[in-house]
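Participant: First, the structure itself, so that you have it in front of you.
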Amino acid sequence: MFKSFEPNKIFAITSKAPKYVLFLFIIVLTIGLTEALILSPEDYKQSDAVRIMYVHVPAAWISLGIFSSLALLSVGSFVFKNKNFALIAKSLAPSGFIFNIIALVTGSIWGKPTWGTWWAWDARITSMLILALFYGMYLLAWRIYENKEQVIKVTSFIAILGVINIPIIKFSVDWWNTLHQPASIKILSTNTAIHSSMLVPLGIMTAAFVLFSLLIFLMKYNTELIKLKNKGLDRL
Amino acid sequence: MINEIISMNGYGTYVWSAFSFTLISFTTLYFVTKLQLLKEQKRFASKFGSLSVEKAKAARSQIINREILSNTSNI
């Protein structure tokens with residue numbers, strides 16, 4: 001089933017794709033920044049501080065999405081005994097971690113003018129910080145362990161344990177009284193509490209961030225494949 | 001117009017620092033990842049260069065090795 005996705009077969013694509021993805025990313029990011037910083041309207045309550053949403057929200061969404069993927073890939077590597085899943089997960093983690101940090105830092109910057117504080121031990125913020133710790137442990141485990149079997153087991157355990165935190169982050173604003181407002185955008189409902197003049201730039205910035213994580217993933221995946229091939233040359 | 005964009009109704013410091021932090025993080029991650037990739041490509045080319053003719057021929061029989069070498073020659 002996964003034969004056509006074997007590294008040897010897809011390297012021809014993954015090695016050439018980054019330059020096209022980078023080109024597309026720059027175009028989408030330029031449009032997104034123009035929309036977010038100049039064309040989109042200010043909020044009637046938050047004024048121009050609302051523009052921070054255009055980097056904070058996509059970064060948070062993508063960091064959650066990538067961590068969920070890490071857990072799925074970890075389960076996949078056990079079920080299908082396919083080490084390529086672990087390699088894909090390893091290559092996704094750095095961009096997920098950076099997006100998590102961006103969400104925390106920009107959230108802190110947004111918090112000062114809107115809530116009057118840089119930080120609060122609010123359920124959403126604290127659970128996002130815990131996610132950053134899981135990302136940190138995941139990346140550190142790949143550096144610490146040298147045994148391939150062991151590192152796959154440890155990183156999979158971290159990813160599967162950490163994914164419990166994802167629904168907590170998602171529903172923290174509904175389960176507890178937090179500084180964060182409930183979700184304004186509901187994928188499964190048409191009842192979205194955000195105007196299209198703000199939804200469009202948010203969508204474009206999300207697309208730009210997705211392209212960036214794809215770019216980093218491809219570069220990292222190629223690096224990992226070449227590392228494996230370097231080891232292969234040593235064995236010749 | 002430009003002053004309005006810079007000041008952002010008094011929220012300029014917050015808005016610009018949030019966007020700057022994001023773009024600096026992107027640039028740093030991109031270049032760190034790119035450097036790691038170039039380092040591995042160079043290591044591969046150097047190892048390949050030190051192989052005997054027979055071993056190099058065996059290594060070249062793999063498509064992925066040929067792809068890596070062709071990418072390395074573009075550096």
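Participant: Please state the relative contact order of chain A as a whole percent: Cα pairs under 8 Å, 6+ residues apart?
Facilitator: Result for chain A is 34 percent.
Participant: Quick one: what are the phi-derived ³J(HN,Hα) couplings along segment A:76-90, Karplus 6.51/-1.76/1.60 with θ = phi - 60°, whole Hz, x for glycine and proline?
Facilitator: x, 5, 6, 5, 9, 6, 10, 6, 5, 4, 5, 5, 5, 4, 4
Participant: Using the Kyte-Doolittle scale, find the helices of chain B whose mean hydropathy is at least -0.5 and whose Cα atoms extend 15 Å or more along the helix's long axis, counting only whole DSSP H runs.
Facilitator: Working: long enough: B:12-49 (54 Å, 0.28).
Length and hydropathy pass: B:12-49.
Participant: How would segment A:1-143 be classified by its alpha-carbon gyration tensor: rounded, prolate or oblate, with rounded meaning a/c under 1.5 and the a/b versus b/c comparison settling the rest?
Facilitator: Here segment A:1-143 falls in the oblate category.
Participant: Averaged across the residues of A:45-56, what count of C-beta atoms belonging to other chains lies within 10 Å of each residue's C-beta? Can you show the working numbers first?
Facilitator: Numbers: counts 0, 2, 5, 10, 8, 2, 7, 8, 1, 4, 8, 2.
Partner-chain Cβ atoms within 10 Å, mean over residues of A:45-56: 5.
Participant: What distance in nm separates the two pseudo spin-label positions at B:Ser50 and A:Lys170, each 7 Å out from Cα along the beta-carbon direction?
Facilitator: Roughly 5.0 nm, to one decimal.
Participant: Highest first, please rank the peptides A:218-225, A:159-166 by the mean number of other Cβ atoms sitting within 10 Å of their residues.
Facilitator: In descending order of packing, they fall as A:218-225, A:159-166.
Participant: Need one value for B:60-68: mean number of C-beta atoms belonging to other chains within 10 Å of its residues' C-beta atoms.
Facilitator: 5
Participant: Determine ³J(HN,Hα), in whole Hz, for all residues of segment A:204-209 in sequence, where each value follows from phi through the Karplus function 6.51 cos²θ - 1.76 cosθ + 1.60 and θ = phi - 60°; x replaces Gly and Pro.
Facilitator: Listing the rounded values in order: 5, 5, 5, 4, 5, 5 Hz.
Participant: Also: With unit charges on the beta carbon (Lys/Arg positive, Asp/Glu negative), name the residue among B:Leu29, B:Tyr14, B:Leu51 whose Cα is farthest towards the positive pole of the charge dipole of chain B.
Facilitator: Of B:Leu29, B:Tyr14, B:Leu51, it is B:Leu51.
Participant: Along the charge dipole of chain A, pointing to its positive end and built from +1/-1 on Cβ of Lys, Arg, Asp and Glu, which listed residue (A:Phe25, A:Asn82, A:Tyr54) has its Cα farthest out?
Facilitator: Positive-end residue among those listed: A:Asn82.
Participant: Considering only lysines 8 or more places apart in sequence, or on different chains, count the pairs in segment A:115-236 whose C-alpha atoms sit under 26 Å apart.
Facilitator: 11
Participant: Which of B:Phe19, A:Phe80 has the fewest other C-beta atoms within 10 Å, and how do the rest follow up to the most?
Facilitator: A:Phe80, B:Phe19
Participant: Within straight cross-link reach of B:Lys39, meaning Cα distance under 19 Å, which aspartates and glutamates are found once same-chain residues fewer than 8 apart are removed?
Facilitator: Once the sequence-local aspartates and glutamates are set aside, what remains near B:Lys39 is A:Glu224, A:Asp234, B:Glu67.
Participant: Mind putting a number on the dipole of chain A about its Cα centre? Charges go on the C-beta only, +1 for Lys and Arg and -1 for Asp and Glu, and I need it in Debye to the nearest 20.
Facilitator: My answer is approximately 1000 debye.
Participant: On to the next question. Run the helix sum for the protein assembly as shown: -39,500 (n - 2.57) per DSSP H stretch of 4+ residues, divided by residue count, reported at 222 nm to the nearest 500 deg cm²/dmol.
Facilitator: -26500 deg cm²/dmol
Participant: Here is a further query. When the Karplus curve 6.51 cos²θ - 1.76 cosθ + 1.60 is applied with θ = phi - 60°, which whole-Hz ³J(HN,Hα) does each residue of segment A:56-61 get, with x for Gly and Pro?
Facilitator: Coupling constants for segment A:56-61: 5, 5, x, 4, 5, 4 Hz.
Participant: Could you let me know the centre-to-centre spacing of segment A:209-236 and segment A:18-36, using Cα atoms, in angstrom?
Facilitator: Segment A:209-236 and segment A:18-36 have Cα centres spaced 23 Å from each other.
Participant: Angle, helix A:123-144 long axis vs. longest principal axis of chain A, Cα atoms, 0 to 90°, nearest 10?
Facilitator: The helix A:123-144 is inclined about 20 degrees to chain A.
Participant: Could you size up the charge dipole of chain B around its Cα centre, putting +1 on the beta carbon of Lys and Arg and -1 on that of Asp and Glu, and report it in debye to the nearest 20?
Facilitator: Charge dipole, chain B, about its Cα centre: 640 debye, nearest 20.
Participant: Picking from A:Ala159, A:Leu228, A:Trp118, whose Cα lies most toward the positive end of the charge dipole for the protein assembly as shown (charges on Cβ: Lys, Arg +1; Asp, Glu -1)?
Facilitator: The one lying farthest along the dipole's positive direction is A:Leu228.
Read-outs throughout are calculated quantities, based only on the coordinates presented, and are distinct from any laboratory measurement. Quantities reported herein were computed from a predicted structural model and do not represent experimental measurements. Cβ atoms come from the backbone with ideal geometry, glycine included; neighbour counts cover every protein chain shown.
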